[in-house]
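The structure appears right after this line, and notes come after that.
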Amino acid sequence: MCVSRFIPLSFVIFAVLIFYRMNTGLVSENKASAAIPANIVMSGIRSTGFLHLGNYFGAIRNYVKMQESYECYFMVADLHSLTTHPDTKELRQNVHRVLAENIACGLNPDKAAIFCQSHVFETSELYLYLNMLAYKGELEKTVTFKEKARENPNNVNAGLLTYPVLQAADILLHRAVYVPVGKDQEQHLEMARNFANRFNHRYGEVFPEPVAFNFSEELIKIPSLDGTGKMSKSVNQNATLYLSDDDDTIRKKVMKAKTDGGPTQENSIKPDYIENIFLLLKLVSDEGFVKQQEEAYNNCSIRYGDLKKQLAEDMVNFISPIREKTSEILNDEKYLEQVMKKGAEKARESAGKTMGIVRQAMGLNYF
Ligand code: ADP
């Protein structure tokens, strides 16, 4: 009886001691800092040109929502740009533009760390370690690598091959769990999970498994207006709506979007290029108008000219405030520099912590 009383009491004392020491940082400091945080968000956009509707709806729209309730790291991926755009003459200007466009869309430097990839030197160190865990065969099979190598056969460099490793380093450097990206990034995210798991398996649990994120149920792909692929910074420019396009250019591009003579049978399935137009309509137009157009399609009374005219006006209303805000921000270089500095400080603090854990896990802490 005496023993059974003694055991619970000693257990309570022991638990209180541990609790006290953990809270004062006296024990398990490494363990405590190595605990994987659950609410970190990371993503980036390359500085390879003007941002477009795909960047907005695939990525930035989610960034803006997530900055309200998560710890967010958003960067301009200038190092990634070098894999396909080695000429750095326009880099500074492009970095400023991407930053300004992100802010004009609603990103807030007081809420999220907004920074430039090359300012966070720790990225390159983690990239090196992760490269040892990435296999040539899997990198060569990556769809984006094959595409880019085909588009640019004279510059199939190692940076292009290891693009997904650098991307994994960007994400894992902050031990991010959520990565708001468009559908085109799904494979890269799967690779980031593989690298994280390989690292954890070899050196101990350090990284979470990052997942691609979109507030709607599915990742999104904004199609180009000619129905041949996705909107993009560098290809399909006439069929891409840029956040910097002037009103007339927007109208012209939308009016040229691919359509046909209209359905001839009630309730028929929409061809891809018509489905694409409805997708754009749902993003920027009034719900009532979309419903009315769906009905018109189903009873074969749809007039694509009228539909496109309304879509063009709704696009103008959506894009023009962003364009105007961007040019205001671009005029204030000092402000952009401050944003980058502040973002880099925050990102480097987080990166420094992770790299401490990484080096220790790998046994690289010799003194
Ligand atoms: P780009 O392909 O235009 O050069 P990036 O590679 O810099 O753009 O991608 C930046 C972000 O924008 C990524 O999250 C990517 O998934 C998203 N994105 C790019 N194009 C589209 C698109 N057409 N639809 C949806 N998301 C897109």
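Annotations for the structure displayed:
- Counting only helices (runs of 4 or more DSSP H) that sit wholly inside segment 262-367, those with at least 3 residues that are over 29 Å from GLN67 (Cα atoms) and of a type in the set (D, E, K, R) are 287-298, 304-330.
- Count of segment 45-100 residues which are touching a Gly at 6+ places or on another chain (Cβ under 6 Å) and of a type outside the set (Gly, Ala, Ser): 3
- Single residue of GLY288, GLY227, GLY261, GLY305 found to be within 15 Å of the ligand (Cβ to nearest atom) and farther than 25 Å from CYS105 by Cβ: GLY227
- A count restricted to segment 245-261 and to residues that are of a type in the set (Val, Ile, Thr), within 12 Å of TYR304 (Cα to Cα) and either assigned by TED's automatic domain parsing to the domain that holds GLU101 or assigned to a helix (DSSP H, G or I) (or both) stands at 1.
- Pick from segment 192-221, criterion among the charged types (D, E, K, R) and part of a helix (DSSP H, G or I), ranking: farthest from the ligand (Cβ to nearest atom): ARG202
- Counting only residues that are farther than 12 Å from THR123 by Cα and within 14 Å of the chain's Cα centre (by Cα), segment 163-177 holds 3 of them.
- Residues within segment 85-96 that are touching a strand residue (DSSP E or B) at 6+ places or on another chain (Cβ under 9 Å), farther than 15 Å from GLN338 by Cα and at pLDDT 95 or above, tallied: 1
- Qualifying residues in segment 54-91 (those that are of a type in the set (A, V, I, L, M, F, W, C), more than 30 Å from PRO153 (Cβ to Cβ) and within 10 Å of the ligand (Cβ to nearest atom)) - the one surrounded by the most Cβ atoms within 10 Å (Cβ to Cβ): ILE60
- The residues in segment 333-342 that are closer than 14 Å to ALA100 by Cα and surrounded by 13 or more Cβ atoms within 10 Å (Cβ to Cβ) can be counted, and the count is 4.
- Some residue of segment 283-304 being more than 28 Å from the chain's Cα centre (by Cα) and either in the same structural domain as TYR203 (by TED's automatic domain parsing) or of a type in the set (Asp, Glu) (or both): yes
- Those residues of segment 173-191 which are within 13 Å of the ligand (Cβ to nearest atom) and not charged (D, E, K, R), in sequence order: TYR178, VAL179, PRO180, VAL181, GLY182, GLN185, GLN187, HIS188, LEU189
The values are calculated or read from the model by the stated rules, or taken from the named source; none is laboratory data. Since the structure is predicted, the reported quantities are computational estimates derived from the model, not experimental observations. Here Cβ is always computed from backbone atoms with ideal geometry, including for glycine, and neighbour counts include all displayed protein chains.
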